[in-house]
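The values are calculated or read from the model by the stated rules, or taken from the named source; none is laboratory data. Just so it is clear, the structure is predicted and the values come from calculations on it, not from any experiment. Here the Cβ is made from the backbone with ideal geometry for all residues, glycine too, and neighbour counts use every protein chain on show. All accessible areas refer to the heavy atoms of the entire protein, side chains included, with ligands and DNA or RNA removed. Shrake-Rupley method; radii C 1.70, N 1.55, O 1.52, S 1.80 Å.
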Amino acid sequence: MKSRHALMLSLLLPLLGACSKEPPPTAAGTTQAAANPESAAPATATADASATAPADGGAAVEGSAPNNNPIVPPQGPEPVAGTDYVEIANGQPFEPADGKIEVVEFFNYICPACNAFDPMLQNWKAKLPADVRVTYVPAAFRPDFAIYARAYYAADALGIAAKSHDAVYKAVHQDGKLPGEGQRIDEQQIAQFYTQYGVSADQFASTMKSFGVNSRLQKASQFAVRSQIPGTPAIVVAGKYLVKGKGWEDMLRITDHLIARERAAGAAK
């Protein structure tokens with residue numbers, strides 16, 4: 001019976017589309033540190049060296065190894081503005097990287113839709129050519145989202161985001177080792193989880209509250225507001241286009257077309 005329910009949920013999640021900005025009714029038990037990152041006071045007067053962005057602009061999860069995938073023409077009809085995507089006024093990439101075409105995924109570990117979408121995204125990403133870069137931006141528009149957003153940036157600052165990314169999703173949504181929606185979010189429990197990647201719980205908890213993480217979280221929140229994302233998961237191409245689509249496969253199809261558009265625009269310069 002349980003496996004039947006799990007199957008039904010897996011089929012329904014793509015139809016649900018995204019996690020809402022409104023917290024579930026039982027999410028009031030989150031810890032105080034989940035406050036709005038834009039109003040959070042920095043933990044120190046100067047940036048904590050352990051929490052500054054990596055030299056590659058925070059792409060630890062994406063990986064730095066180049067690939068040799070060929071450029072493949074996008075499939076299906078050309079996307080239509082207003083129907084398939086929304087143009088972002090004065091849009092700019094979140095973290096420009098040496099002329100690469102940036103694809104941002106707004107996500108959060110606690111979001112069931114993000115967890116269901118992630119395997120499809122990873123499969124799509126593995127086939128991208130070297131001129132495209134996927135950047136993960138944790139959404140923090142809800143108190144329960146904010147703690148996990150801090151955890152992502154703390155892991156990124158400590159150089160363990162690539163190792164832990166998939167495991168955090170699994171711990172939340174499959175194993176129950178980390179709290180999910182409607183449960184009390186405990187920072188210490190999260191910090192303890194990351195000790196398996198070679199950091200201490202105190203180090204991780206301190207990094208979550210550091211000036212560097214506060215700064216990156218504020219930048220991410222400002223980009224989310226500017227991009228007007230309706231929920232998670234959400235995709236923004238080159239800082240210019242918020243992808244819509246009729247489902248996740250359609251979102252990635254539209255993304256392919258917008259990448260091709262940016263590539264052509266770059267070649268024409």
Regarding segment 97-108, can at least one residue be identified that is at pLDDT below 95 and either among the acidic types (Asp, Glu) or open to solvent by less than 10 Å² (accessible area, probe 1.4 Å) (or both)? yes
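Can you pull out every residue in segment 251-269 that is in a helix (DSSP H, G or I) and free of Cβ contacts under 8 Å to residues at least 24 places away in the same chain?
Listed by number, the residues that qualify are MET251, ARG261, ALA264, ALA265, ALA267, ALA268.
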Among the residues of segment 155-168, is any outside any helix (DSSP H, G or I) and open to solvent by 20 Å² or more (accessible area, probe 1.4 Å)? yes
I'd like to know if segment 69-78 contains one or more residues that are at pLDDT 95 or above and open to solvent by less than 80 Å² (accessible area, probe 1.4 Å). no
Of all residues in segment 83-92, which are buried (at least 20 other Cβ atoms within 10 Å of the Cβ) and not in a strand (DSSP E or B)? ASP84
Could you go through segment 229-246 and let me know if any residue there is assigned to a helix (DSSP H, G or I) and surrounded by fewer than 20 Cβ atoms within 10 Å (Cβ to Cβ). no
Just to verify a result, which residue in segment 109-123, among those that are hydrophobic (A, V, I, L, M, F, W, C) and open to solvent by less than 30 Å² (accessible area, probe 1.4 Å), is nearest to TRP248 (Cα to Cα)? PHE117
Restricting attention to segment 185-209, and to residues there that are modelled with pLDDT of 95 or more and assigned to a loop (DSSP other than H, G, I, E, B), which single residue is least open to solvent (accessible area, probe 1.4 Å)? VAL199
Any residue in segment 210-223 that is on the phi < 0 side of the Ramachandran plot and assigned to a helix (DSSP H, G or I) sitting within a Cβ distance under 9 Å of a residue that is open to solvent by less than 50 Å² (accessible area, probe 1.4 Å) and among the basic types (Lys, Arg)? List the pairs, counting only those 6 or more apart or interchain. VAL213/ARG150; ASN214/ARG150; LEU217/ARG150
